[in-house]
Amino acid sequence: MARIIVVTSGKGGVGKTTTSAAFATGLALRGFRTAVIDFDVGLRNLDLIMGCERRVVYDFVNVINQEANLNQALIRDKRCDNLFILPASQTRDKESLTHEGVERVLKELSETFDYIVCDSPAGIERGATLAMYFADDAIVVTNPEVSSVRDSDRMLGILASKSRRAETGAEPIKEYLLLTRYSPQRVKLGEMLSVDDVQEILSLHLLGVIPESKAVLNASNAGTPVILDEKSDAGKAYLDVVRRYLGENVPHRFIEVEKKGFISRLFRG
Amino acid sequence: MGLLDYFRSTRNESAAIAKERLQILVAHERAERNKPDYLPMLQKELLEVIRKYVNVGQDAITVTMEQDENREILELNVVLPDEGGERRLRRKRV
């Protein structure tokens, strides 16, 4: 029986797909059979971030419409044997995702996978609500910025009321906060909401903080999940996130300004 | 604090403003979200009943739901027209 994790945010451009790609890869690296599904029908991008855009033959909607079976549509990652990608359809409209269809695909995947990561589209329309409906856990990706925090809170309301767990009275979805594009320097200057500020507003369990990093764009340019760039700050931060999710006690990093040498300290605290 | 910070006369404290705005907004939106969804319907039907007996306007009635630690308060507020000005009929249920 697989555990289903939705990566959600409400607002676009905060790092859902980057996170889905990194997190799924991280779980697979730890030996878990992991599938990552792109729910953004019409605007697929997970394939590009994962670097498998030229290997897409069948997609999620084909499987839902029973035009292809799961084995035909799942793309096995070239770097990691345990990792499979189910791309979204680029040509269909958002209404192609049906409740019954998504439920059937998730059920079939659950039989052979340990984790299923659902990469939600932005917004609160069908793709987004279906991505979260069947979830056991939710990673709420948030930027330290007013509109993102507000949208995250809105998503928390939807997670608590319009999910399978909420409707069947089961144990609620476990919600985790992932703060991305964080700049400790700007926080120190009073220009950016701090981790503590965001946590105080959303009152969520903090899964990790991903610093604003050049490595993220470099990784997406190359089609390599940033978690594979183990030397980079963002890569390390995502590795920590996966360890914390799996229950390890890992202290948070990249939330304080790095210590600098004498010369830089003279000019800037 | 570095040497240059000392000379910086205006410090940017926009994050504090952002936090305050968000706290107010999020509290308000959470209260809205927790309202039962039958309130608009209830308001409409109550208005129809009242209009059978009293000639009141479309916006003469407001129904609100508030919640504190141990009780929910459904508040119904009806403004009745009167020659000498407005008369208010108010009922509270705990």
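Largest first, the three principal axis extents of the alpha carbons in segment A:126-265 are 60, 33, 30 Å in whole numbers. Look at where the Cα atoms of segment A:167-200 and of segment B:33-54 average out, and the two centres are 39 Å apart. Contact order, relative form, for chain A: 23 percent (alpha carbon pairs under 8 Å, 6 or more residues apart, mean separation divided by residue count).
Per residue of peptide B:16-23, the mean number of Cβ atoms on other chains within 10 Å of the residue Cβ is 5. Ordering of B:44-53, A:99-108, A:172-181 by packing is A:172-181, A:99-108, B:44-53, highest average first (other Cβ atoms within 10 Å, averaged per residue).
Please work out the FRET efficiency for the pair B:ALA16 and A:LYS214, using the Cβ-Cβ distance as r and a Förster radius of 35 Å; give the result to the nearest 0.05. With a Förster radius of 35 Å, E is 0.75. Helix A:16-29 versus the longest principal axis of chain A: what is the Cα-based angle in degrees, 0 to 90, to the nearest 10? For helix A:16-29, the angle is close to 80 degrees.
Cross-link reach is defined here as a Cα-Cα straight distance under 23 Å, omitting same-chain residues fewer than 8 places apart; for A:LYS188 the lysines meeting it are A:LYS214, A:LYS236, A:LYS259, A:LYS260, B:LYS19.
Here the ratio of the Cα radius of gyration of chain A to 2.2 N^0.38 Å is 1.00. Taking the Cα centre of chain A as reference, the dipole from Cβ charges on Lys and Arg (+1) and Asp and Glu (-1) amounts to some 780 debye.
Only the coordinates and a few stated rules stand behind these numbers; no lab work does. Here the structure is a predicted model, which means the values were calculated and not measured. Cβ sites come from the backbone with ideal geometry, for glycine too, and all protein chains shown count toward neighbours.
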